[in-house]
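Notes to accompany the following structure.
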Amino acid sequence: MKPMDLALRYMQIFYSGKNIDRLYQLFSDDFSFSGPLFQFDSAKGYINSLINDPPEGLAYKIIQSFESESSACLVYKFSKPGISCVPMAQLFETEKDKIKKITLIFDTQSFT
């Protein structure tokens, strides 16, 4: 899969809030996640956190997307009940048709 295909599939699964364990098929064995509120150094830790606190009632609208040979970047507006249109960016670094690393960037002020 191309990096953008992997990124969009991730978004589809994440924002569905259902069957989050399907993310395992997208992640490499040495997957890591880094964001302003949470960090994980394994797919298992990240996915378990989502299973324990499922992403429900969330929405996004892509503003722009970019792709290179080994990465994809999505810039989008995030919304959930009580919070609307927060700009976010996610960088998906890939290797061997899997997501190796996700970096999530946003201003946490709306969430604290």
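Structural remarks
- Think of each Lys and Arg Cβ as +1 and each Asp and Glu Cβ as -1; about the Cα centre, that makes the dipole of the chain roughly 300 debye.
- Sorted into 10 angstrom bins from 0, the C-alpha pair distances of the range 9-48 split as 29, 60, 11 percent.
- Annotation: Cα Rg of the range 10-112 relative to the compact-globule expectation 2.2 N^0.38 Å equals 1.03.
- Using a probe of 1.4 angstrom and keeping all protein chains present, the accessible surface of the chain works out to 59 square angstrom per residue.
- Computed [θ] at 222 nm, deg cm²/dmol, the chain (DSSP H ≥ 4; -39,500 (n - 2.57); rounded to nearest 500): -6500 deg cm²/dmol
The values are calculated or read from the model by the stated rules, or taken from the named source; none is laboratory data. Please read these numbers as outputs of a predicted model, since none were measured by experiment. Cβ: placed from backbone, ideal geometry, glycine included. Neighbour counts: every protein chain shown. These area figures cover heavy atoms from the full protein model, side chains too; ligands, DNA and RNA do not enter into them. Shrake-Rupley method; radii C 1.70, N 1.55, O 1.52, S 1.80 Å.
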